[in-house]
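> I'd like to ask you about the structure that follows.
The values are calculated or read from the model by the stated rules, or taken from the named source; none is laboratory data. None of these values were measured; they are calculated from a predicted model. FYI the Cβ positions are ideal-geometry reconstructions off the backbone, even for glycines, and counts take in every protein chain you see.
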Amino acid sequence: MKKIFVLIGSRNIKGNTINFANNIVKSFKNECEVDIAFPQDFCLKPIDGTNLYFTDTSHNLNEDLKNLQKKIIQSDILIIGSPVYVHSMSADLKLIFENLSWWAHTLRLQGKPVVVISTCGSNGMNTVLEPVSDVISYMGGNIIATANASQIPDQINNEEWLDEVSLSISERIRKFLDLGAQSNKFLEKIFQASKNNILEQKKYQLKYDIDISKLGELKYWEKTGMINCTTFEEFLNTLNI
């Protein structure tokens, strides 16, 4: 059974963001495994520079963070939602991203289809959608849909509007449940820039004879074979062989 993982950046289990997400996934609950999580489901610590991880299974990895990573990686579709707080994503969602920061240099999401949604009071339509989409793209996620629902004008309580937008997104989800991981022009640019950085790390490692275990990003690129690929699409194809 296909898996849809919904990560809500709000702690309000009856708030607008989860209501929006539920309207999107309601048609999948009989055909997919739909898992919904809130920030309070995970005990994550702020990043202070000493607790950065470069593996999904590090023995030092917080069990809650390991569980969150597993839910994201094993999902076929990832939906991320956040309310607009001070013209930005919630602090909880930002903390989650910081704990997954090594994914941004390794494209760890590997072309996974991702939907980004937000809710706001009156303005801030793009102040969550754009930065969250950027982070997800740097992590290797393929953004397949974005949408914001506001209270003024009243969209979140407008059933006609909500159903129309939710149907459009659900149709995209259904399409990519079959297509699976995909690259796009933005991911290809990110791949090339990231690979250039990794190749510089490789030169540095060889020049100073550094133990590769101390260069987690480089180790990941070499272990997965991504460093030998000329495009991100080529790398994704190797995963399907």
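> Can you find a residue that is among the small types (Gly, Ala, Ser), closer than 17 Å to Ile8 by Cβ and without any contact (Cβ under 8 Å) to a residue 24 or more places away in the chain anywhere in the stretch 139-160?
No - not one qualifying residue is present in the stretch 139-160.
> Something else now. Gly140 fails exactly one of the following numbered conditions: (1) crowded, with 19+ Cβ neighbours inside 10 Å; (2) among the small types (Gly, Ala, Ser); (3) in a helix (DSSP H, G or I). What is the number of that condition?
All conditions pass for Gly140, except number (3).
Let's see how each residue does on (1) within 19 Å of Glu159 (Cα to Cα); (2) among the hydrophobic types (A, V, I, L, M, F, W, C); (3) assigned to a loop (DSSP other than H, G, I, E, B); (4) modelled with pLDDT of 95 or more:
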{"site": "Phe5", "(1), (2), (3), (4)": "no, yes, no, yes"}
{"site": "Ser10", "(1), (2), (3), (4)": "no, no, yes, yes"}
{"site": "Lys14", "(1), (2), (3), (4)": "yes, no, yes, yes"}
{"site": "Ile18", "(1), (2), (3), (4)": "yes, yes, no, yes"}
{"site": "Ile24", "(1), (2), (3), (4)": "yes, yes, no, yes"}
{"site": "Pro46", "(1), (2), (3), (4)": "no, no, yes, no"}
{"site": "Asn51", "(1), (2), (3), (4)": "no, no, yes, no"}
{"site": "Thr55", "(1), (2), (3), (4)": "no, no, yes, no"}
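> Return the residue satisfying two criteria in turn: it lies in the stretch 71-102 and is surrounded by fewer than 17 Cβ atoms within 10 Å (Cβ to Cβ) and under 15 Å from Asn148 (Cβ atoms), and of such residues it is modelled with the lowest pLDDT.
Step by step, filter the stretch 71-102, then rank; the result is His87.
> Also, quick follow-up: In the stretch 103-129, which residues are modelled with pLDDT of 95 or more, farther than 21 Å from Asn12 by Cα, over 12 Å from the mean Cα position of the chain (by Cα) and not in a loop (DSSP other than H, G, I, E, B)?
none
> Going by what's in this entry, would Lys189 be described as within 30 Å of Lys2 (Cα to Cα), part of a helix (DSSP H, G or I), more than 19 Å from the chain's Cα centre (by Cα) and not assigned by TED's automatic domain parsing to the domain that holds Ala149? Steps first, answer last, please.
Values: within 30 Å of Lys2 (Cα to Cα): yes; part of a helix (DSSP H, G or I): yes; more than 19 Å from the chain's Cα centre (by Cα): no; not assigned by TED's automatic domain parsing to the domain that holds Ala149: yes.
Against the criterion (within 30 Å of Lys2 (Cα to Cα), part of a helix (DSSP H, G or I), more than 19 Å from the chain's Cα centre (by Cα) and not assigned by TED's automatic domain parsing to the domain that holds Ala149), Lys189 does not qualify.
> Hey, can you tell me all the residues within the stretch 70-102 that are β-branched (Val, Ile, Thr), within 9 Å of the chain's Cα centre (by Cα) and in a strand (DSSP E or B)?
Scanning the stretch 70-102 gives Ile79, Ile80.
> Okay, next question. Part of a loop (DSSP other than H, G, I, E, B) and at pLDDT 95 or above, is that true of Ala149?
Values: part of a loop (DSSP other than H, G, I, E, B): no; at pLDDT 95 or above: yes.
No.
> Name every residue in the stretch 211-241 that is surrounded by 13 or more Cβ atoms within 10 Å (Cβ to Cβ) and either of a type in the set (A, V, I, L, M) or part of a loop (DSSP other than H, G, I, E, B) (or both), in order of residue number.
Ile212, Leu215, Leu218, Met226, Ile227, Cys229, Thr231, Leu236, Leu239
Residue by residue, here is whether (1) in contact with an Asp or Glu (Cβ under 9 Å, 6 or more places away or on another chain); (2) closer than 30 Å to Phe20 by Cα holds:
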residue	(1), (2)
Glu171	no, yes
Gln205	yes, no
Leu215	no, no
Leu218	no, no
Glu234	no, no
